[in-house]
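Take a look at the structure set out below.
The values are calculated or read from the model by the stated rules, or taken from the named source; none is laboratory data. Just so we're clear, the structure is a prediction, and the values are computed from it rather than from any experiment. Neighbour counts are summed over all protein chains in view; Cβ atoms, including those assigned to glycine, are modelled from backbone coordinates with ideal geometry. Side chains included, ligands, DNA and RNA excluded: accessible areas come from the protein's heavy atoms. Shrake-Rupley method; radii C 1.70, N 1.55, O 1.52, S 1.80 Å.
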Amino acid sequence: MKKAFLVSGVLFIILSLTFITPTNAATTWGIEADVEYEFELKSFKMGITDYSALLKENLSFIVEFTSLTDIGYSYDVYNSTGLMTTNTTNFVETEVESTTFTLPDGLPIALPLTLGTIPNYLDYFGDFVNATSSIFIFEDLLVNITEFLNVTYLYAYSQLNENYLKLNADLYAPTVNNTLLEELTSGEGMGFLPIPTNITDLKLNATVAYNVTSGLFKQLSIKLRSLSHIGDFTESFNIDVLYGLYIKPVVIPTPTPTPTPTDTSYSWLIPTVLVLALLTGIKRKRKKQ
């Protein structure tokens, strides 16, 4: 009786833990701990001028995930001089527009493949963006931008295929306070960028892509189209930025040329010797005559 009671008690505890923490049993990560993921600036163009070579060193980072848990991860960020910062991102229930969603609290460098009772988190996160027209990971940036831009249009949506989850945000502002761009480009090594003083008709599209196999952030693409005005003169002011995961190029080895086979049987030697012997014999015979 005591043994049966003990077994029943253990089973009860196990089942209780299962029901209390259902999200702890099914979190799947496609990323790996203690593996370095390098991210780099691939392109930064203003008009026809590409500044990426001048900015690349300051905007290249290595991320190493130090721990993966049931609700998130911790990671270290390194630049060319060493460790910069240590951060944590957790996926927690968050109320958005009177509805509760499980969203990242922290920079989502990676998304889980499954999270608790959510069997496909990338699909879930894309549906959240479509349902709310909100790019949650850009919220802080958008709050800052709206202080300088008269934003009249902002729409967010997602696209999911067999390779990537893409989160898109489109924005339009008829007028811009150039202080915004000056602040964005006044950081270390970026103060030389020529920013116009009067910008109008700004259209911005930002796209964040995640790999569906690993959940890892793949790249950020920003396209900005606008007009700058100097007196009565107007010209286009465009910015194109591409930032993302560094992928080591595949080096295809140069094939070693196959040597031409050499005939080492000397099959030509015997006929040649016979011909020489025959000629020598004929020559000698003539001399005797």
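Here the convex hull built on the C-alpha positions of the range 50-139 has a volume of 125 cubic angstrom per residue. Rolling a 1.4 Å probe over the protein heavy atoms of the range 38-116, with every protein chain left in place, gives an accessible area that is 50 percent carbon and sulfur. Computed over protein heavy atoms with a 1.4 angstrom probe, the accessible surface ordering of Glu97, Glu64, Glu38, largest first, is Glu97, Glu38, Glu64. The packing ranking of peptides 41-52, 217-228, 106-117, highest mean first, is 106-117, 217-228, 41-52, where packing means the average number of other beta carbon atoms within 10 angstrom of each residue.
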